[in-house]
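Here is the structure we will look at, set down as structure tokens.
The values are calculated or read from the model by the stated rules, or taken from the named source; none is laboratory data. All figures in this text were calculated on a predicted structure; none of them were measured in a lab. Cβ placement follows ideal geometry from the backbone for every residue including glycine, while neighbour counts extend to all protein chains displayed.
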Amino acid sequence: MTDGSDNVDATGVSDPFGKFNGNERSYALAALSSELGDAQKRDWVSDFETAFAAKVGSEYAIAVNSGTSGIHAALFAAGVGPGDEVIQPALTVVMDAYCTLHLGATPVFADVDPDTWLITAETIRPLISPRTKAIITVSWQGLPVDMDPIRGLAEENNIVVVDDSAQTMMGRYKGQISGTNADLGIFSFEEKKHMTSGSEGGMIVTSSEEMAIAARKFAGIGYRHLTADAGRTSLAATVFQNPAYKRFDTVGYNYRMNKISAAVGLAQLERIDYLVARRQACAAFFKEAIQGCPWMSLQEFPDHSTHTFYTFAVRYDGEAARAMPWKQFYDRYRERGGDGFYSNVAIPYLEPSLAGRTVGKQTYQLGQCPTAEALQLRIMQFKTNYRDLSEAARQATILSDLIDEVGRT
């Protein structure tokens, strides 16, 4: 295997292995400065939104303080409310379900395809009811969902599609950026994601002016003067300083992004193509490591999709093939000097917060989505956010040697 030591960034300069080695520091300091004249001050949040929308190819972008709050605001913009149902995949994080519940609606969990691990039109169709208001698709691990059949099904039934692309920044489906091919798309800038706004942050994108206004108002405490873009309308001081002025027309939350996060996010966005390419380069080492091993299967992805490898995730069948349980393989990988790897998060409806509960017409219990439940116990997620590609290559070599020791074929 190659050692990856020749890795350079887009400018041809060796990566110093820092997460924030672009304009993050200078932008954050500029955003903090109170010494700049008004003409020099930037509206960092608006600039970040404008740049993000242009980068992904969306009409509108609304910056929020997390991906979760973005999902919440997007579902509100979709019209989700008490008594409604929202179909969502069983192989994902629990937060999508929480957002549904906080709006008084019922999460309905769909099983996933055994090869792509993603929700599909086929798994969604049997669950549609007169109460279905929205579908949340999740582009899991960096792979965009097969959106065209899902959009077709949604349009037939007047259902809004919200794509959770928290793990799929710059992933492409048939040439289009994942998240922009739904009615609303959500991105996360939590610190482990492809790009970050410092620690937490998110972005909602849509090409619907009506939905953009609704999402921005919900995430902006319900200020009535907020618009789809540019953050807000320009009001003369004589208007809002008047005691008769009424500020709010929507019951919302304070989910707004702060200017420091926006400044860091804008700097990261400038480097996003490189940051994604580096994840893909890390994944290439691990892909080489598992070649010829039938009991480690990479998430399958079609030619029309670009995988951005939030992690390098494989289905582990070594317990059946080599009598080695998941945890034993993990321990042996660590013993050899491996970093370890992550398991897939638990099935949302089996988390203690939801398991056994009845919500609407749904009772959450084991056996609802057998494909997702079986996959969740087998998935191994190897890190792809190494700053030093030679370290990624070393980790992949450890994996390859362990596979050889256990028995590759």
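Within the stretch 169-190, being assigned to a loop (DSSP other than H, G, I, E, B) and either within 13 Å of Y310 (Cβ to Cβ) or touching a helix residue (DSSP H, G or I) at 6+ places or on another chain (Cβ under 6 Å) (or both) holds for M169, M170, G171, S178, T180, N181, F189, E190.
Here F309 qualifies as assigned by TED's automatic domain parsing to the domain that holds R278, out of contact with any His (no Cβ under 7 Å at 6 or more places or on another chain) and either surrounded by 13 or more Cβ atoms within 10 Å (Cβ to Cβ) or at pLDDT 95 or above (or both).
Looking across the stretch 142-163 at every residue that is in contact with a His (Cβ under 9 Å, 6 or more places away or on another chain) and crowded, with 23+ Cβ neighbours inside 10 Å, the one that is nearest to A281 (Cα to Cα) is identified as G142.
Candidates A134, A166: the one that is in a loop (DSSP other than H, G, I, E, B), of a type in the set (G, A, S) and in contact (Cβ under 8 Å) with a residue 24 or more places away in the chain is A166. Can you tell me which residue in the stretch 36-50 is modelled with the highest pLDDT, limited to those that are surrounded by fewer than 16 Cβ atoms within 10 Å (Cβ to Cβ) and of a type in the set (A, V, I, L, M, F, W, C)? Here the residue is L36. For the stretch 116-131, taking the residues that are outside any helix (DSSP H, G or I) and more than 19 Å from the chain's Cα centre (by Cα), the one that is nearest to G367 (Cα to Cα) is identified as I128.
Here's the yes/no breakdown for (1) closer than 23 Å to F309 by Cβ; (2) touching a Phe, Trp or Tyr at 6+ places or on another chain (Cβ under 6 Å); (3) of a type outside the set (K, R):
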site	(1), (2), (3)
V93	yes, no, yes
C99	no, no, yes
A105	no, no, yes
T137	yes, no, yes
M147	yes, yes, yes
L153	no, no, yes
N158	no, no, yes
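Just to be sure, is R315 more than 13 Å from L377 (Cα to Cα) and touching a residue at least 40 places away in the same chain (Cβ under 8 Å)? Taking the combined requirement at face value, the residue does not satisfy it. Scanning the stretch 101-122 for residues that are free of Cβ contacts under 8 Å to residues at least 24 places away in the same chain and under 12 Å from L91 (Cβ atoms) gives no hits.
Listed by position, the helices (runs of 4 or more DSSP H) inside the stretch 259-323 whose residues that are aromatic (F, W, Y) number at least 3 are 272-289. Exactly one residue out of G360, G356, G340, G318 is surrounded by fewer than 20 Cβ atoms within 10 Å (Cβ to Cβ) and closer than 25 Å to E288 by Cα: that is G340. Entry remark, the stretch 145-163: residues being touching a residue at least 40 places away in the same chain (Cβ under 8 Å) and under 13 Å from the mean Cα position of the chain (by Cα) number 1 in total. Meeting the requirement of 1 or more residues that are of a type in the set (D, E) and modelled with pLDDT of 95 or more, the strands (runs of 3 or more DSSP E) wholly within the stretch 56-115 are 85-89. Would you confirm whether any residue within the stretch 342-359 is in the same structural domain as W295 (by TED's automatic domain parsing), of a type in the set (K, R) and in contact with an Asp or Glu (Cβ under 9 Å, 6 or more places away or on another chain)? Scanning the stretch 342-359 turns up no residue that is in the same structural domain as W295 (by TED's automatic domain parsing), of a type in the set (K, R) and in contact with an Asp or Glu (Cβ under 9 Å, 6 or more places away or on another chain).
This table checks each residue for (1) buried (at least 21 other Cβ atoms within 10 Å of the Cβ); (2) modelled with pLDDT under 95; (3) in contact with a strand residue (DSSP E or B) (Cβ under 8 Å, 6 or more places away or on another chain).
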site	(1), (2), (3)
G171	yes, no, yes
K192	no, yes, no
S208	no, no, yes
I213	no, no, no
F218	yes, no, no
Q241	no, yes, no
A244	no, yes, no
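The single condition among (1) touching a strand residue (DSSP E or B) at 6+ places or on another chain (Cβ under 9 Å); (2) among the hydrophobic types (A, V, I, L, M, F, W, C); (3) over 20 Å from N344 (Cα atoms) that A121 does not meet is (1). Would you say R394 is assigned by TED's automatic domain parsing to the domain that holds A277, in contact (Cβ under 8 Å) with a residue 24 or more places away in the chain, at negative phi and part of a loop (DSSP other than H, G, I, E, B)? No; evaluated as a whole, the condition is false for this residue.
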